[in-house]
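Q: Next up is a structure, given as structure tokens.
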Amino acid sequence: MLPGLNYTKRCRKFRLLDKVFINIDDKKNRHIFSENGIKNIKMMITCIKIVFLSKFYDYPVSRVIYEISIDNRLKRFLKIENEVPSEAQVYEYLSRYSPDQYNNISNSFFKLFLKLNKSRKSDWIVDATPVACDINILKKYVSPEHLEKLDLDMGFSTTKGYFIGFKATVVLEKDTLCPISVIIHSGAKNDSKIFEEVLEELNRRRILKKGQVILFDKGYYSMENYINAINKYSVVAVIFPRQWFTLEKLEARMSTSLDIFYDKTTLEDDKNLFLELTTKLYNKLKNWEDLKPTRGIIEDFFKVCKDAFGLGEFHSYTQSSMRRNIYLCILLSTLVIQQGFDTKTKLQQLAEGRIDLEPIKSRKSKKPKENNETTENQEVGEKTDAQTTLITKKEEQSALDLFA
């Protein structure tokens, strides 16, 4: 049986969740909902708060609604003035809007934290994680025809094995620890085939800069991906190489595209840009092992999403509901991380449920016993004549008591 949600201002979790709700309730941010076709913004914010509260405490939505209905403090905390919506009303209202609208809402909130400046180029990190539906394929056989009706695919990953679900690809900025883009694929598509789709999505949104350094895992490895990133998108894709990779092989295949010869006015600039990008790529690939700690940041980000907010598996059975849950879960994780969880240690603490961020108390060491020599050698103040006479009288009195 789950314990009740006893709201109190002293609880660190509720104080952290209050900071998350401030970003959603802010009047400056309400235009995000209206720009993406949300009509009843107040109802949307209420539903998102209820879903965030359920993910934050790992409670079912029905239980969260019950706790709100019996506790006026929770109702005031969520700023619900009228009657609390039922579970059916929450799910029905959230299902009115497409997953693409939730993706656009998430991207708009991400822009608030990204602080994209033309003068500063921070490295970007790309990785993917599997997200499974709550379908037990070991207990019951699921036919391909049934999966086609549900618009779902079977996938495989080294961590989950065979599963039914999706693969969520996240582009993360290293400095702000904020996602730039979230792309979802049904099943478990090969990472090397997703590579160009990720860059195309970033280019479509006009946030891809020339000379941008993007770190990829070994799963995205392909000689063509190195070349296409420079020729087609003018970015440096540092894909961690596999065992048989050598720089000589890459240099032999690296060449400019024929399109740069169409415009003679920009030919020299394009050549200089090509040489600059290839030089930067070769230098990064020579010391690619030094970039492992940087790429490990996105692993900590996924650990927070999975362990703290349940990204690994959702109790959903349709594509729209799964995609909606993934976007909302990553949005909640981002809003929480932006409240001061900006280091590797703090991310790990957040994933483990420690949100107080207090340092571990060190044990008090026992003080060494003082030697008699040190106490005898301590300086003693000089005694007055009255004190000396009083001491002699006490000694005489004690000597007389022995013969009494």
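The numbers here are math on the coordinates, done by the rules we state, and not lab data. These figures come from a predicted structure and were not determined experimentally. Here Cβ is always computed from backbone atoms with ideal geometry, including for glycine, and neighbour counts include all displayed protein chains.
Q: Set the Förster radius R0 to 60 Å, insert the Cβ-Cβ distance between GLN348 and PHE261 as r into 1/(1 + (r/R0)^6), and round the FRET efficiency to 0.05.
A: The calculated FRET efficiency here is 0.70.
Q: Can you work out the base-10 log of I(q)/I(0) for the chain at q = 0.12, 0.13 1/Å, using the Debye formula on its C-alpha atoms alone?
A: Values, matching the q order: -1.06, -1.19.
Q: About its Cα centre, what dipole magnitude does region 12-94 give when the only charges are +1 on Lys and Arg Cβ and -1 on Asp and Glu Cβ, stated in debye to the nearest 20?
A: For this selection, approximately 420 debye.
Q: Give me the tail of P(r) for region 117-351 as a percent: Cα-Cα pairs with distance above 21 Å.
A: Of the Cα pairs, 61 percent sit more than 21 Å apart.
Q: So what is the 222 nm mean residue ellipticity for the chain from helices alone, if each DSSP H run of at least 4 adds -39500 (n - 2.57) and you divide by all residues, rounding to the nearest 500 deg cm²/dmol?
A: For the chain, the value works out to -15000 deg cm²/dmol.
Q: A follow-up question, please. Would you kindly state how much longer the chain becomes between LYS160 and GLN339 on full extension, computed as 0.36 nm times their sequence separation minus their alpha carbon distance, in nm to one decimal?
A: 61.3 nm
Q: I need the shape label for region 189-265. Rule: rounded when a/c is under 1.5, else prolate if a/b > b/c, else oblate, with a, b, c from the alpha carbon gyration tensor.
A: oblate
Q: For region 117-351, what is the charge dipole size about the Cα centre, in debye to the nearest 20, if Lys and Arg each add +1 at the Cβ and Asp and Glu each add -1 at the Cβ?
A: In total the dipole reaches around 320 debye.
Q: Pairs LYS210/LYS286; LYS111/LYS344; LYS39/LYS210; LYS39/LYS193: which are spaced more than 27 Å apart, C-alpha to C-alpha?
A: Exceeds cut-off: LYS39/LYS210; LYS39/LYS193.
Q: Using 0.36 nm times the number of residues separating ASN203 and ASP175, minus their current alpha carbon distance, what extension gain do you get?
A: Once the chain is fully extended between ASN203 and ASP175, it gains 8.0 nm.
Q: Considering only the other residues whose Cβ falls under 10 Å of the Cβ of VAL61, what net charge follows from Lys and Arg at +1 and Asp and Glu at -1? Show your work: numbers first, answer last.
A: Numbers: positive: LYS55, ARG63; negative: GLU87.
Net local charge, VAL61 excluded: +1.
Q: Grab the Cα-Cα distance for ARG63 and GLU289, subtract it from 0.36 nm times how many residues apart they are, and report the gain in nm with one decimal.
A: Computed gain between ARG63 and GLU289 is 76.6 nm.
Q: Another question about this same structure. The chain: longest stretch without exposed chymotrypsin sites (Phe, Trp or Tyr not before Pro) (DSSP loop, at most 15 other Cβ within 10 Å), sites themselves excluded? Before the final figure, lay out each step's value.
A: Numbers: sites that count: TYR141, TRP244, TYR262, TYR317, PHE403.
The segment 1-140 is the longest one with no such site.
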